[in-house]
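The values are calculated or read from the model by the stated rules, or taken from the named source; none is laboratory data. Just so it is clear, the model here is predicted, and its values are computed rather than measured. All Cβ positions, glycine included, derive from the backbone under ideal geometry; neighbour counts span all protein chains shown.
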Amino acid sequence: MPDQPHPPAPLDSALFDDPDCAGSPAQPFRVGDKWTGMVLRCLEDGKPRRFTELRVPLHWITPKVLTETLRSMERNGFLTRTVHDENPPRVEYALTPLGHSLIGPLDTACDWARAHAPEITEARASYEQAGPVAQGVSGGAWPGRP
């Protein structure tokens, strides 16, 4: 009788209970969202920028989403929001040292993505070509597919 492979050990239900674990809900930050990395890039030169300045390279982000992203980054200590006592008021955003410390990891992630782009593109095409039944989805329940 051939050897039966052992089933994998079940995942630990306390996997994310450790507050030092990167996936823990106790972690006070979120950098993997869609826009934080782009805002980091806009501010990485150290110059304070106004909201309208940030909107130029981020023109496809709605003002509401940009505002939410900036607030989240401020809340997590990645940037400062400075309101100047002028008429009309002038508000500027700048990276904190904590926010600036994310540039290195962001560069590493971007380098990885560039190095593996062909593999990712090929995997996506193969996945899309296989269709929903091959992925265990039936009845047209796959988003964006009939």
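Being surrounded by 10 or more Cβ atoms within 10 Å (Cβ to Cβ), touching a Gly at 6+ places or on another chain (Cβ under 9 Å), modelled with pLDDT of 95 or more and under 23 Å from C110 (Cα atoms): is that true of L79 here? Step through it out loud before you land on a result.
Working: surrounded by 10 or more Cβ atoms within 10 Å (Cβ to Cβ): yes; touching a Gly at 6+ places or on another chain (Cβ under 9 Å): yes; modelled with pLDDT of 95 or more: yes; under 23 Å from C110 (Cα atoms): yes.
When the stated conditions are applied, L79 passes them.
Suppose we filter segment 72-112 for residues that are in a loop (DSSP other than H, G, I, E, B) and hydrophobic (A, V, I, L, M, F, W, C); how many remain?
As a first pass, look at segment 72-112 and keep what is in a loop (DSSP other than H, G, I, E, B): 76-78, 85-89, 96, 101-102.
Filter once more, keeping what is hydrophobic (A, V, I, L, M, F, W, C): 78, 102.
Of the residues in that region, 2 qualify.
Does at least one position in segment 106-117 carry a residue that is among the β-branched types (V, I, T) and surrounded by 13 or more Cβ atoms within 10 Å (Cβ to Cβ)? Steps first, answer last, please.
Step one: of segment 106-117, the residues among the β-branched types (V, I, T) are 108.
Next, from what is left, pick out any that are surrounded by 13 or more Cβ atoms within 10 Å (Cβ to Cβ): none.
No, segment 106-117 contains no residue that is among the β-branched types (V, I, T) and surrounded by 13 or more Cβ atoms within 10 Å (Cβ to Cβ).
What are the pairs with Cβ atoms under 7 angstrom where one residue, in segment 58-71, is of a type in the set (V, I, T) and surrounded by fewer than 12 Cβ atoms within 10 Å (Cβ to Cβ) and the other, located anywhere, is assigned to a loop (DSSP other than H, G, I, E, B) and modelled with pLDDT under 95? Sequence gap at least six, or different chains.
From residues that are of a type in the set (V, I, T) and surrounded by fewer than 12 Cβ atoms within 10 Å (Cβ to Cβ), there are no pairs.
Suppose we filter L106, L95, L102 for residues that are more than 16 Å from G32 (Cβ to Cβ), in contact with a helix residue (DSSP H, G or I) (Cβ under 9 Å, 6 or more places away or on another chain) and among the aliphatic types (A, V, I, L, M); which single one remains?
Details: L106 fails: more than 16 Å from G32 (Cβ to Cβ); L102 fails: more than 16 Å from G32 (Cβ to Cβ).
From the options L106, L95, L102, the qualifying one is L95.
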